[in-house]
1. Mind listing whichever residues of the range 346-402 are polar (S, T, N, Q), more than 28 Å from residue 307 (Cβ to Cβ) and either part of a helix (DSSP H, G or I) or out of contact with any helix residue (DSSP H, G or I) (no Cβ under 7 Å at 6 or more places or on another chain) (or both)?
2. Would you call residue 149 within 30 Å of residue 253 (Cα to Cα), more than 34 Å from the chain's Cα centre (by Cα) and not assigned by TED's automatic domain parsing to the domain that holds residue 269?
3. Give the residues of the range 384-409 that are among the small types (Gly, Ala, Ser) and either touching a Cys at 6+ places or on another chain (Cβ under 7 Å) or exposed (fewer than 15 other Cβ atoms within 10 Å of the Cβ) (or both), sorted by residue number.
4. Scan the range 157-170 and give yes if some residue there is buried (at least 17 other Cβ atoms within 10 Å of the Cβ) and modelled with pLDDT of 80 or more, otherwise no.
5. Give me a count of the residues in the range 233-278 that are among the hydrophobic types (A, V, I, L, M, F, W, C), part of a helix (DSSP H, G or I) and either closer than 19 Å to residue 214 by Cα or in the same structural domain as residue 212 (by TED's automatic domain parsing) (or both).
6. Suppose the filter is within 52 Å of the chain's Cα centre (by Cα) and under 28 Å from residue 283 (Cβ atoms); does residue 309 pass it?
7. It is to be established whether one or more residues within the range 127-139 are within 23 Å of residue 241 (Cβ to Cβ), modelled with pLDDT of 75 or more and in a helix (DSSP H, G or I).
8. List pairs: first residue in the range 408-426 and on the phi > 0 side of the Ramachandran plot, second residue surrounded by fewer than 10 Cβ atoms within 10 Å (Cβ to Cβ) and among the β-branched types (Val, Ile, Thr) anywhere in the structure, Cβ distance under 6 angstrom, at least six positions apart or on different chains.
Amino acid sequence: MDYKSELSELAKNIESVIAESLDSLKLSETKNQVNSAIDHAIDEVRDALDKAGDKLDAAGSRLNQSRERSTERVQRNVERIQRRTARRQNWALAGRAGGESSYQPPRYVKQVPDISRMTPSQLLRYSQIPVSRNPAGKVSGVLCTVFGALGLGFFGIPALVFLVSMLVGDPVAEFEATTIFTTLTAGSGFLMGKGIGLRARVRRFYRYLRIINNRTYCDTREIISSQAREAKLVMKDLKAMIRLNMFREGHLDENGATLMLTDSTYQEYLRTKNLREQEARIQKEEQAMIAEDPQLAALKEAVEEGRRHVELIRKANEEIAGEEVSAKLYRLEDVTRKIFEHIQSHPQKLSEIRKFMSYYLPTTLKLVHVYCELEKQPVNGENIVNAKADIERTLDTINVAFENLLDDLFEETAMDVSTDISVLETMLAQEGLTESGFGAMKE
């Protein structure tokens, strides 16, 4: 290496200078010693430089190897990303083309334990309905049970001792102490019983959650049938759990037949209930009006009959495959529906469609049913073809007749409109607000 040769040259120059100096002083012995020390120092420097150069070469080699490995690793990552992108593009193209990809990318699916095997904490964690994460009685029940049991042990034994002493000794002297400890013992027993009851209710709460199984509503009979308790006790339980916010959005319907677990479900129930009550009220009012007015009863009966006929025409049309006949039946259905809608708005015209209802419409419906039966026959004989053709021609005639009937129903309306227009034009002319009125004013 270059720096080695330069150092060697420098060492030789130093050696020659020192040698000349020593020769001039004629110090031969000192010269030899100095030469020996210099040679030794130069050898050590050369060895150190050789070792440092070897280390630098090794470090450079390792650096080159690391750089090559990093480059290979980056290249592999780039190739893997390119392959993944190509697969996703192929799946997207296959999906847009309407095909099904044989390979679906893996997806992570969160495993939820079976609800029948869930622990209480898992029931609360995986619950999809709003429930309390710390049900009422979960902690207080334990505390009441523990302190009640301690109180029974702490106060019960002295109470028993004082009671025995009172019986065998001086009853007056021991009465006060016996009363105090007996009262404390009874209070501890009550506290312990309360805690046991709270803990039992929490366990029933978990059982109810398993039965509900994350539904937004549940039939209370299903809960009652699964419990070895009376129905009124189960209902009392549910009401207490709702009141204590264990079911955070819980509601019972007015009959206690359904338990609703979300506010949205309860609001939907209230809307449905209001609609039913409104429909029942309207129906009751209609029945009262019909009872008082025979004409209104006749109108209601006629409108309902008309709706039945329209529905029968629609069903028959669904069974017929021919587009031309189907179009005629659509036309018939439309004009029939409009006739009855007009009669519903103008009850006084009910008498004008009596023959239409008693003969024309039933006969038309009969022809339509006959056509449907002919369509179902496996053969197309001459009689079948002729009968179908006759019915098709008759449908054209019926449609025209029904449309003329609908037009006649508007005759009075047309006359009223014509009268109103005539009166309006006359008044505008008299006020000079039309061209004829302007001419009259000028004259």
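1. Quick first cut of the range 346-402, residues polar (S, T, N, Q) only: 348, 351, 358, 363-364, 377, 380, 383, 386, 394, 397, 399.
Going one step further and asking which of them are more than 28 Å from residue 307 (Cβ to Cβ), we end up with 377, 380, 383, 386.
Hits for the range 346-402 are 380, 383, 386.
2. On the way: within 30 Å of residue 253 (Cα to Cα): no; more than 34 Å from the chain's Cα centre (by Cα): yes; not assigned by TED's automatic domain parsing to the domain that holds residue 269: yes.
The answer is no for residue 149.
3. To start, the set of residues in the range 384-409 that are among the small types (Gly, Ala, Ser) comprises 387, 389, 401.
Result: 389, 401.
4. No, there is no match, as no residue in the range 157-170 is buried (at least 17 other Cβ atoms within 10 Å of the Cβ) and modelled with pLDDT of 80 or more.
5. Step one: of the range 233-278, the residues among the hydrophobic types (A, V, I, L, M, F, W, C) are 233-235, 238, 240-242, 244, 246-247, 252, 257, 259-261, 270, 275.
In the following step, the residues that additionally are part of a helix (DSSP H, G or I) were identified as 233-235, 238, 240-242, 270, 275.
Within this subset, residues satisfying the condition of being either closer than 19 Å to residue 214 by Cα or in the same structural domain as residue 212 (by TED's automatic domain parsing) (or both) are 233-235, 238, 240-242.
Looking only at that region, the number is 7.
6. Against the criterion (within 52 Å of the chain's Cα centre (by Cα) and under 28 Å from residue 283 (Cβ atoms)), residue 309 qualifies.
7. Keep residues of the range 127-139 that are within 23 Å of residue 241 (Cβ to Cβ), which gives 127-139.
From what's left, modelled with pLDDT of 75 or more: 127-139.
Imposing the further condition that a residue be in a helix (DSSP H, G or I) reduces the set to none.
No, there is no match, as no residue in the range 127-139 is within 23 Å of residue 241 (Cβ to Cβ), modelled with pLDDT of 75 or more and in a helix (DSSP H, G or I).
8. Between residues of the range 408-426 that are on the phi > 0 side of the Ramachandran plot and residues that are surrounded by fewer than 10 Cβ atoms within 10 Å (Cβ to Cβ) and among the β-branched types (Val, Ile, Thr), there is no close pair.
The values are calculated or read from the model by the stated rules, or taken from the named source; none is laboratory data. All values derive from a computational prediction rather than experimental measurement. Virtual Cβ from ideal backbone geometry, glycine too; neighbours counted across all protein chains shown.
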